[in-house]
6 protein chains.
Amino acid sequence: MHLRFLADRLRAGETVFCGWSALTDPLAAEAMARTGFDAVCLDMQHGFHDVQSLRGGLTGIVAAGASPVLRVPFGGLPEVGRGLDLGFEVVICPMIDSESDAIAFARAAKYPPLGGRSWGPARAMMLTGSSKEAFLQTANRRTLAFAMVETREALGQLDRILAVEGIDGVFVGPSDLSISLAQGTSIGPGVEGLAEAIKMVAQRAAAHGRIAGAFAQTREDALAYAAAGYRFIATGPDLQLLAAAAADLIRSLRNPT
Amino acid sequence: MHLRFLADRLRAGETVFCGWSALTDPLAAEAMARTGFDAVCLDMQHGFHDVQSLRGGLTGIVAAGASPVLRVPFGGLPEVGRGLDLGFEVVICPMIDSESDAIAFARAAKYPPLGGRSWGPARAMMLTGSSKEAFLQTANRRTLAFAMVETREALGQLDRILAVEGIDGVFVGPSDLSISLAQGTSIGPGVEGLAEAIKMVAQRAAAHGRIAGAFAQTREDALAYAAAGYRFIATGPDLQLLAAAAADLIRSLRNPT
Amino acid sequence: MHLRFLADRLRAGETVFCGWSALTDPLAAEAMARTGFDAVCLDMQHGFHDVQSLRGGLTGIVAAGASPVLRVPFGGLPEVGRGLDLGFEVVICPMIDSESDAIAFARAAKYPPLGGRSWGPARAMMLTGSSKEAFLQTANRRTLAFAMVETREALGQLDRILAVEGIDGVFVGPSDLSISLAQGTSIGPGVEGLAEAIKMVAQRAAAHGRIAGAFAQTREDALAYAAAGYRFIATGPDLQLLAAAAADLIRSLRNPT
Amino acid sequence: MHLRFLADRLRAGETVFCGWSALTDPLAAEAMARTGFDAVCLDMQHGFHDVQSLRGGLTGIVAAGASPVLRVPFGGLPEVGRGLDLGFEVVICPMIDSESDAIAFARAAKYPPLGGRSWGPARAMMLTGSSKEAFLQTANRRTLAFAMVETREALGQLDRILAVEGIDGVFVGPSDLSISLAQGTSIGPGVEGLAEAIKMVAQRAAAHGRIAGAFAQTREDALAYAAAGYRFIATGPDLQLLAAAAADLIRSLRNPT
Amino acid sequence: MHLRFLADRLRAGETVFCGWSALTDPLAAEAMARTGFDAVCLDMQHGFHDVQSLRGGLTGIVAAGASPVLRVPFGGLPEVGRGLDLGFEVVICPMIDSESDAIAFARAAKYPPLGGRSWGPARAMMLTGSSKEAFLQTANRRTLAFAMVETREALGQLDRILAVEGIDGVFVGPSDLSISLAQGTSIGPGVEGLAEAIKMVAQRAAAHGRIAGAFAQTREDALAYAAAGYRFIATGPDLQLLAAAAADLIRSLRNPT
Amino acid sequence: MHLRFLADRLRAGETVFCGWSALTDPLAAEAMARTGFDAVCLDMQHGFHDVQSLRGGLTGIVAAGASPVLRVPFGGLPEVGRGLDLGFEVVICPMIDSESDAIAFARAAKYPPLGGRSWGPARAMMLTGSSKEAFLQTANRRTLAFAMVETREALGQLDRILAVEGIDGVFVGPSDLSISLAQGTSIGPGVEGLAEAIKMVAQRAAAHGRIAGAFAQTREDALAYAAAGYRFIATGPDLQLLAAAAADLIRSLRNPT
Ligand SMILES: [Mg+2]
Ligand SMILES: [Mg+2]
Ligand SMILES: [Mg+2]
Ligand SMILES: [Mg+2]
Ligand SMILES: [Mg+2]
Ligand SMILES: [Mg+2]
């Protein structure tokens, strides 16, 4: 399939755009992958995916030549290893609020000596075509663990999270971060302190040699993230794209100009 | 849920717009239904639905207050009764090319004396809340059988198809009709004879007191169908809406202006 | 599992009771099987089963020591062979209205020279543990094809249907038969001519050396069928049993005496 | 759908009855909902549900006008947020044995400042039709977190559990509580101390202004719970209702009186 | 993915080997594809596939660089078009016993003017990346329709079947053919007349410029078919390969030498 | 089904061989069970199983007369109870590295007073046919909890792990253990210290009266484990058996001798 791992592209400084899929029909993710996204993320946290839909979606993304990305659910350490075994190149873990959260995540995502990932990548090896030894030697480098930074607490421990060995990058969840900063009173880009936090995360990630990623609600946000130094920019959940397109369509049918 | 059956609205002369779903995730159809479409069609012919995805999609459409519509596969007479038993209000059957095709379809879709539909609407009765006797008395009227007119042969037998008791309407498939008219040499709106055929179908349907329906590839086509007298206008397959929206998004991210 | 095939028990003159499952959760059918029903039927016509739910349900029925029975959908000749390949002992086919319907059904259900069933019973052979040759020699005898008699037309051709080689029995569908006799004006046990027809079917089946079966709406109907000479008596769809039990329960909670 | 949230009804002092579903076929839960239960609970702990069956069951319950309730598995904090995102109004969490268990559960179930629930309720917002801001402001109030009290340890920390902010009620699991009180030597209503514990839980819940809920094995138990001050009373697992009804039926067929 | 369509390879005279999958887990088919088979066939007739498992299996086969092949069930004309829409390159149809069977199959498999295949190849176009016009112009050539020749009747009409426009090849089912030749008394390679029939089919196919294919029970049969002029040779159902390997393993563990 | 629980056989000193299934098609596991394996393990850690595939696979294994075994995912304590409720006789839990890990696992797997397993074994009771009281009294004895020993840390705490009440045995994962011993630099049987560790585990298990189990990569390994005193020996993942058999087949077809 694709010739380069997302990890290599990101480490080379490329800015990559990642589609986002909540819908379990495998063609939703594959269709996004075929439009030109570098990667597509299957979302187990707020999307509807489970192990079986991950399998179908991943194969479609790979067949389309894009890189498969997984967001596990909150508390989803069991899914980190399962996802990597299936062949996901990137795993995003929500609500990494502390150094100890980050250590537990890295432990699940990386083979020794970095972590304690358990051996069993039958399907991932199918995709890479490598031997057991070769897979073991390259897996920690070729797969990326992104810790979600999306609370006041995470901002407070940001440097310690970034310093954890095995954490390849951080991924900003702006909705949760805005709620956390606003202490539950509001949500959205206008929350006080959010813009500064977003800038700061990219700077600290760069200082630690980690990749900065973020979820962008809009095209404008995505470009702003890119300008701010983010290199892994996700956007466009399929359910919202579909709902918006359908709403536009029926509106225009009801109100022909 | 919704207060009026699509059959009643169409018989009252209302123009209704129907979304179209190929994707099996039940939220794809429900999301379309919630944007304001009067109905959403689950497609077993060229979409990916099966009995289980029909069940999930239908309940979502109904919960959203829209009318559930089914297109069965080519040769899918077994699915006609199964779909009506599940609670679909409209069944569209492809490739009805002759009077005998139409009779077989009507036989599957209507209870005696109009046809030979078999009794067993446990789930449909849940949705209408009616007794067995009441359901039997009203089902033939409250559900609609649309015969697809999409070949040169069907045009040739149009009046005989329209005259079959139990056929409530015809539904134009413009892609297949264009291919058929062009004898396989071309596809699309430019094929010679297509525009005339589309006009003619609406006129003949009206002459027989039947409802004219059609699949519209674009918003413009949909409005043109409405202007030509079509009352049941389907459009906007979810997979295409999603793919187009995703393509727009990634294009705009790659080429910020 | 069970020591005797349903075919052998029925041919020996035993009266067997068969549960009925519309629900796709495999434990619905297995739970019925474990209560003491001789067999449980998975219904693809008015129930919600598909090939995957058949597989799960069948294994549960077999594990419970009962005999697995399948009703295919209207027009479901493709499912006849697939069901027998999976290991169903009995296949019930709806709406066999004529001798030619019966011949087509027998052809799908029986190996040569009786019919044209296609070879490929990998899973059924797992269950019987027999060799290819032994399976081929015994399959036509160990599996039963029941033709549903449920229309005025079928009654008119009853003797010819019963005479078709490969048809092991007839199975009365009283709801459809009542609708057909009433020409769509009514449904249910009170329809004129229904009681006589039910008696007549058992007599003619006996005269032809075929097994008479029927679907019983109630316990009383089931016992009446048994008294009338029916030997294969199905009853108690899981969805209705569950709905009735739940309705009783909530009623008793709302109205404590 | 339904006009009032279960939370509002319970806070207004209404006694509500909740059906219980272990079976994954979506019509099992919907059928219970349509018989008049105020709510139906889909059980991921001892029932067979997963994320996909939750989605189907929930939509059916909502379409029937009842309130959807979820019991997550033991240790199922990831499922708390996923369930609320899908639109469940109530989440029941098993084996809350200590104040710290309760705090972790509340953190998963409530948005800041009460907890740390993560934002992403796309499907729940579809059902309520509210904006992001409105949803955020009302979600903590409109959804209920029930902590299961079902061990000796939980009884010992009952007041501390009840005092945790974000815990809306407690839910008694009488089987586990009886086992725990009997230290594994017995199960059931006769275990010493169980009756007193059940009374005490309702009293302490009332003292803390929390809702008392319980699982009732029988109709009599349900009415006894109501009399004891319980307001959220669950009963009638579909699998048991079905098995009992099937057993009655086959018994009456074997032993006609 | 793969650079050449199976149709082009077969028309160029290449001998291709096709794996066979009955199991619905998508990795069973993909694993076979990755071992070096040119193609893998998903079997809906005697295997356990349905539309959803076809989708998963096909994507895996394609991702592995092999060509996806489908066998539809007996009577499965609806699945012919659905399969081609999904992107299968070859469709095998069982029990083509007469010229009229062959015509109906070709009609379902080919666009006008060869047949009446209905337009809607959204997913197949994703895989080929072609425009609508280009897809229409090439589809009849790039996809292959194989008619199964597996009865005495089919042998009798072989030349007429081979002459039907749109039938690209014939595919011998030796088990059914042996049963048919033996009139149900036996099965297997020793049946009288089978060996001659197999030779004859290849010769007549060559004479008509059609491709000869066959299902081989063993490696030796496969090589014999190749020697006899067969170009499309399927073998090795996954379920049997697995069962045989597991039997070998447990036998060797029980009887260590 | 089978007459003796695996627990009884193992406690009686029998050596049992357990097949291993990663594939979700229920016939993969059942086919292994029917070849003569004493048990078959469904793998949720590195295999592809989820709750629904566990249900189908388990019933097939039981119908074949073998004992169902489950490996839960890393961190999969919620699945321990769910699996036992479904009727698995053995649960294997990965990465038990410390006494506290072992205590948490035993707590999930055993009813009081040994642990805190929650009551709700509706389906398991179906399989054993026992009453609630009888099930409660026998479950802790009839089901086995195997703690995976597969890290340097686990070896260091081996005696403490083995001493935990409720841990019935240990199960060696040689791949992970080799990686851990080699600190991530290598994998496989040649890693220094692995052979000694494997011997030591069996000896310590025997000293504690616990059962020693292990996963064997090859037939030779399996026999070596048996010789070293291991009594529960798992081997032969279905995906690998299938892939190896398919590779052999295509190789022999390409290179006929
Ligand atoms: Mg977030
Ligand atoms: Mg068409
Ligand atoms: Mg009927
Ligand atoms: Mg409990
Ligand atoms: Mg055949
Ligand atoms: Mg391991």
*For B:Arg152, inter-copy label distances in nm, listed shortest first [label point 7 Å out on the Cα-Cβ vector]*: 4.2, 4.2, 7.5, 7.9, 8.7
*Prolate/oblate/rounded call for chain F, Cα gyration tensor, a/c under 1.5 rounded*: oblate
*Treating the beta-carbon of each Lys and Arg as +1 and of each Asp and Glu as -1, no other charges, what is the dipole magnitude of segment A:1-138 about its Cα centre, to the nearest 20 debye?*
360 debye
*Work out the FRET efficiency for D:Glu153 and F:Ala228 from their Cβ-Cβ distance, taking R0 = 45 Å, and round it to the nearest 0.05.*
0.60
*segment E:6-254, relative contact order in percent, only Cα pairs under 8 angstrom and at least six apart counted*: 18 percent
*In debye, nearest 20, what is the charge dipole magnitude of the protein assembly as shown about its Cα centre with +1 on Lys and Arg Cβ and -1 on Asp and Glu Cβ, if you could check?*
0 debye
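For n ≥ 4 DSSP H runs only, could you compute -39500 (n - 2.57) per run for the protein assembly as shown, divide by its residues and tell me the 222 nm figure to the nearest 500?
Value at 222 nm, helices only, nearest 500: -14500 deg cm²/dmol.
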*How many nanometers, to one decimal and shortest first, lie between the label point of E:Asp248 and those of its other copies, if labels sit 7 Å from Cα toward Cβ?*
0.1, 5.7, 5.7, 5.7, 5.7
_Table column - 3J(HN,Hα) (Hz), segment D:30-47, Karplus curve with 6.51, -1.76, 1.60, x for Gly and Pro_ = 5, 4, 4, 4, 7, 7, x, 4, 5, 8, 9, 9, 9, 9, 8, 7, 9, x
*asked:* Around E:Arg4, under 14 Å between beta carbons, what's the net of Lys plus Arg minus Asp minus Glu among the other residues?
replied: 0
*Could you state the number of Å between the C-alpha centres of segment F:120-191 and segment A:209-247?*
44 Å
*Give me the accessible area buried between chains D and C, both sides summed, with a 1.4 Å probe, in Å² rounded to the nearest 100.*
3000 Å²
*At a 1.4 Å probe, which residues in segment D:223-242 are at least 30 Å² less accessible with all protein chains present than in their chain isolated?*
D:Leu223, D:Leu239, D:Leu241, D:Leu242
*Say a label goes 7 Å from Cα toward Cβ at F:Gly193 in every copy; what distances in nm does this one have to the rest, shortest first?*
4.6, 4.6, 7.2, 8.2, 8.8
*Say the cut-off is 20 Å between C-alpha atoms; which of B:Lys110/E:Lys110; F:Lys110/F:Lys132; D:Lys110/D:Lys132; B:Lys199/E:Lys132; A:Lys110/F:Lys110; D:Lys110/F:Lys110 go over it?*
B:Lys110/E:Lys110; B:Lys199/E:Lys132; A:Lys110/F:Lys110; D:Lys110/F:Lys110
*So what are the ³J(HN,Hα) numbers for segment D:138-155, from phi and the Karplus equation (6.51, -1.76, 1.60; θ = phi - 60°), rounded to whole Hz, Gly and Pro as x?*
10, 4, 4, 8, 7, 10, 10, 10, 9, 8, 6, 10, 8, 9, 3, 5, 5, 4
_Chain F residue with Cβ closest to the axis mapping F onto B, distance in whole Å_ = F:Gln52, 6
*Just the number, please: carbon plus sulfur as a percent of the accessible area of segment D:6-254, 1.4 Å probe, no ligands or DNA/RNA counted.*
53 percent
*Could you tell me which of B:Ala226, B:Ala31, B:Val149 has its Cα farthest along the dipole of chain B towards the positive end, charges placed at Cβ (Lys, Arg +1; Asp, Glu -1), taken about the Cα centre?*
B:Ala31
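Express the accessible area of chain C per residue in Å², computed with a 1.4 Å probe while the remaining protein chains stay in the model.
Accessible area per residue, chain C: 31 Å².
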_Computed E for A:Asn255/E:Ala206 - FRET, C-beta separation, R0 60 angstrom, nearest 0.05_ = 0.40
*Heavy-atom accessible area ranking, 1.4 Å probe, most first, across F:Glu150, D:Glu133*: D:Glu133, F:Glu150
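The values are calculated or read from the model by the stated rules, or taken from the named source; none is laboratory data. From a predicted model like this one, the values you see are computed outputs, not experimental measurements. In this analysis, Cβ positions are derived from the backbone assuming ideal geometry, glycine residues included, and neighbour counts consider all displayed protein chains. Accessible surface is based on the protein model in full, side chains and every heavy atom, while ligands, DNA and RNA are left aside. Shrake-Rupley method; radii C 1.70, N 1.55, O 1.52, S 1.80 Å.
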